[in-house]
1. Specify the residue that is surrounded by the most Cβ atoms within 10 Å (Cβ to Cβ); the eligible residues are those in region 1-18 that are over 25 Å from the mean Cα position of the chain (by Cα) and over 15 Å from SER122 (Cβ atoms).
2. Can you spot a residue in region 113-125 that is of a type in the set (Ser, Thr, Tyr) and more than 17 Å from the chain's Cα centre (by Cα)?
3. Only one of these is modelled with pLDDT of 95 or more, among the basic types (Lys, Arg) and more than 21 Å from ALA134 (Cβ to Cβ): ARG178, ARG242, ARG247. Name it.
4. Name the residues in region 71-85 that are hydrophobic (A, V, I, L, M, F, W, C) and under 16 Å from the mean Cα position of the chain (by Cα), would you?
5. Please enumerate the residues belonging to region 157-216 that are touching a strand residue (DSSP E or B) at 6+ places or on another chain (Cβ under 8 Å) and among the basic types (Lys, Arg).
6. Considering only region 44-67, I want to know if a residue exists there that is part of a loop (DSSP other than H, G, I, E, B), of a type in the set (Gly, Ala, Ser), modelled with pLDDT under 95 and crowded, with 16+ Cβ neighbours inside 10 Å.
7. Given the residues ALA232, ALA204, which is the only one that is in contact with a Lys or Arg (Cβ under 6 Å, 6 or more places away or on another chain), closer than 24 Å to SER96 by Cα and of a type outside the set (Asp, Glu)?
8. Would you mind stating whether PRO88 is farther than 29 Å from ARG58 by Cβ, within 15 Å of the chain's Cα centre (by Cα) and touching a residue at least 12 places away in the same chain (Cβ under 8 Å)?
Amino acid sequence: MRGQKDADGTVETDTLALTGTAEAAQIRVTLGGAAGDRPALRFLGACFANTRVARVTRPPNRAAWGKIIATPEHSQHGWPNERGWCSPASLSMALSRWAEVLHRPEMDLSVPMVAAAVYDRSLPGTGNWPFNTAFAGSFRGMRSYVTRLDDLAEAEDWIAAGIPVILSARWDWLRPGRPNDAAGHLIVCIGFTENGDVVINDPAARLDRGDPVRQIYKREDVLHAWTKSANAVYLVYPENARIPRNRFGHWAGH
């Protein structure tokens, strides 16, 4: 909800931004449902970040270089009433990927269907990060959550494991020369070139103009644009997937 602010911090849609550092967190979950039907809690995630700490550079995982994960390509544009649908479009690509791999057609959803499912009336809009990941995680056998990584090396760990990663980045910094636009933008990292540049499914593609969804962005440009969100990502994968070793405590274990 808007207007949640006091001396300790501010709620920015889906993020609590504190004015100072904290030493502990207390989380309360209230479950409720219609007609007394109480839902079961399958997963609870929390992501913490000290944005004043210098960004860490990790040695690249070259096992991901030259690897591209086949992922359906969707654009956020061209739909009736579309407005800033980069997040549901990116999520729809990730879900469609798993629909193909797992033979789960119920996850092969159009961009408008995902947009309707993740819409946040308080925002209002479809860019609430936890709303998006909660929807992806609502499918049987799927896990999805928001977290932050230190460096593209950790995204490379996921690509090497065969799992695309959704990145939140500043749109105009992804490709120098675009008009200045400080807005955040969601994109799908599906692989890396032989020299470590980033292969992206970018939902900003205008298909009616012949724009390709798949793009190659320079590594340094992605790293720079990604700082807009303090390196936030959506991770979407089956609960039984073989995920990378959690070397730095940045994602959930099994």
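1. Ranking the qualifying residues of region 1-18, first place goes to ASP8.
2. Yes.
3. ARG242
4. TRP85
5. Matches in region 157-216: ARG170, ARG175, ARG214.
6. yes
7. So the residue among ALA232, ALA204 that is in contact with a Lys or Arg (Cβ under 6 Å, 6 or more places away or on another chain), closer than 24 Å to SER96 by Cα and of a type outside the set (Asp, Glu) is ALA232.
8. yes
The values are calculated or read from the model by the stated rules, or taken from the named source; none is laboratory data. Since we're looking at a predicted model, the values are computed, not measured. Using ideal geometry, Cβ is built from the backbone for each residue, glycine included, and neighbour counts are taken over all protein chains shown.
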